[in-house]
Structure formats: C-alpha cells, structure tokens
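S.K.: Structure in structure tokens, see below.
The values are calculated or read from the model by the stated rules, or taken from the named source; none is laboratory data. Bear in mind the structure is a predicted one, so any value in this text is a computation, not a measurement. All Cβ positions, glycine included, derive from the backbone under ideal geometry; neighbour counts span all protein chains shown.
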Amino acid sequence: MPQVIWLPEALADIERLHGFLSEKNANAASNAMRCIQAAARQLETFPEIGRPIADRLRREIFASFGAGAYVLRYRLDEQGRPVVVRVWHTRELRDPPDPALRSMQEPG
C-alpha cells in the first residue's frame, strides 16, 4: 500500500483550514481534519481513485464536508505513490487554484 506524501504547501493548506475552522468551532475543525485524513487513506489504497484534471498529470479527490467538500489535489510519483500538492474547501475563493497554474496562465 503506497504511503501518501504531503508537500509543504499541502501541509500549510491543512494548517490554514484547521486554523480558520477552529476559531469558529473546534469540533468542526477536528471533524474536518478527520475527513481529510479519510480521503488520504483512500489514496493509500486506491492511488488512482481521483479524477484526472486537464493537464492529466494531476488528480483530485473530493471529501464531502458541510455544504461542500475538501479537495485534495495530487499527482503520482515515479513509484506510484500519491503526492498531495494542495488542499482546499470548495467554498473557498481561489484564483488561480494553485501556483503551478499561475505560471502557466502568465503570458510568456
């Protein structure tokens, strides 16, 4: 079973999400972290479970929570291990979704 690898940006996302929720409701923050962990466990068992995104190099898995879902964007490394690159809630405003896309959108 491949172990999930978390990039620093994804870990920072999780800290940010937890901090945001814990200010409002500590119980909801704990539940959100369990929801994200459950999605990561799915990736360990089924690394290709997520839907491919436009570049076909990365995938997304959705973990339902509240009025939306948490999205774990990931790629598979050379050994087939899931590498989580970003995490966000679908109700967040994101422009663009991640730094890798930002550079692709810039003219040049």
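S.K.: Quickly run through segment 1-38 and pick out the residues that are small (Gly, Ala, Ser) and within 19 Å of residue 90 (Cα to Cα).
M.R.: 10, 12, 19, 22, 28, 29, 30, 32, 38
S.K.: Which pairs do you get when a residue that is over 13 Å from residue 71 (Cα atoms) and charged (D, E, K, R), found in segment 38-60, comes within reach of a residue that is modelled with pLDDT under 95 and surrounded by 12 or more Cβ atoms within 10 Å (Cβ to Cβ), reach meaning Cβ atoms under 8 angstrom, with the pair 6+ apart or on two chains?
M.R.: These pairs meet every condition: 44/2.
S.K.: While we're here: Which residues, taken from segment 1-12, are surrounded by fewer than 17 Cβ atoms within 10 Å (Cβ to Cβ) and of a type in the set (Gly, Ala, Ser)?
M.R.: 12
S.K.: Would you mention how many residues in segment 13-45 are surrounded by 13 or more Cβ atoms within 10 Å (Cβ to Cβ) and closer than 18 Å to residue 75 by Cβ?
M.R.: Residues flagged as surrounded by 13 or more Cβ atoms within 10 Å (Cβ to Cβ) and closer than 18 Å to residue 75 by Cβ within segment 13-45 amount to 8.
S.K.: A further question on this structure: Cβ-Cβ under 6 Å, sequence separation 6+ or interchain: first residue in segment 7-36 and of a type in the set (S, T, N, Q), partner surrounded by 13 or more Cβ atoms within 10 Å (Cβ to Cβ). Which pairs?
M.R.: Partner pairs satisfying both residue conditions: 22/29.
Condition check ((1) under 12 Å from the mean Cα position of the chain (by Cα); (2) at pLDDT below 95; (3) not hydroxyl-bearing (Ser, Thr, Tyr)) across all residues:
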| site | (1), (2), (3) |
| --- | --- |
| 36 | yes, no, yes |
| 39 | yes, no, yes |
| 54 | no, yes, yes |
| 70 | yes, no, no |
